[in-house]
């Protein structure tokens, strides 16, 4: 039983590191497009990676995770080096930002749900914290690069996290293996976003006074 929980904890930690790397790359790529210097790009990548988790931990009355482990700073630095070394290949891939942002969104949603449940909060709180973990870093990133946060535009973003949380809840009642539940949750977040973007599915916009007249 002890080995099982060690295994689950390790798997969640691996998801967090992969999510950190992916989100950091997405932030650094956008910063590069805005002609940021290396330090600015690193900062944007870092806040993208740790922003949502920091808000989550503060809400759960925990010490922010990155203050207890320097690995997240290191993974962001690795992401910066990765973008520098492979920038020509990344530029050729027009959907590079979308790919890494979707990976980070999916994995961090799982991490946020897991950490909230570990703190013995009810599941509806876990879904909210999973959404914050996945989406809030992107909000801070977009504010830093002076554009309207992706979450507030027509594209499905936070809704994908909520769907992932619902899938987590449903599959958790079916499967005894928590790893399967985590994988299905992450896949549901990623697939929801991919399908929404591919078929241009989004929420309706609220109309302003000019549009209603």
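For region 161-173, check the following and say yes or no: at least one residue is surrounded by 15 or more Cβ atoms within 10 Å (Cβ to Cβ), at pLDDT below 95 and part of a loop (DSSP other than H, G, I, E, B). There is no residue in region 161-173 that is surrounded by 15 or more Cβ atoms within 10 Å (Cβ to Cβ), at pLDDT below 95 and part of a loop (DSSP other than H, G, I, E, B). With respect to residue 179, is the statement that it is surrounded by 14 or more Cβ atoms within 10 Å (Cβ to Cβ), over 13 Å from the mean Cα position of the chain (by Cα), in contact (Cβ under 8 Å) with a residue 12 or more places away in the chain and not in a loop (DSSP other than H, G, I, E, B) true? The answer is no for residue 179. Looking at 31, 49, which one is within 19 Å of residue 142 (Cβ to Cβ), at pLDDT 95 or above and either in contact with a helix residue (DSSP H, G or I) (Cβ under 6 Å, 6 or more places away or on another chain) or exposed (fewer than 12 other Cβ atoms within 10 Å of the Cβ) (or both)? Just a single option satisfies the conditions, and that option is 49.
Residues that are in a helix (DSSP H, G or I) and surrounded by fewer than 14 Cβ atoms within 10 Å (Cβ to Cβ) were ranked within region 188-213; the one that is modelled with the highest pLDDT is 195. Residue 58 meets the conditions (1) assigned to a helix (DSSP H, G or I); (2) more than 30 Å from residue 118 (Cα to Cα); (3) without any contact (Cβ under 8 Å) to a residue 40 or more places away in the chain in every case but one. The failed one is (2). When we screen 132, 151 for residues that are in a helix (DSSP H, G or I), touching a helix residue (DSSP H, G or I) at 6+ places or on another chain (Cβ under 6 Å) and at pLDDT below 95, the only hit is 151.
The values are calculated or read from the model by the stated rules, or taken from the named source; none is laboratory data. As the structure is a computational prediction, the values presented were derived from the model and not from experiment. Cβ coordinates were reconstructed from backbone atoms using ideal geometry, including for glycine residues, and neighbour counts include every protein chain displayed.
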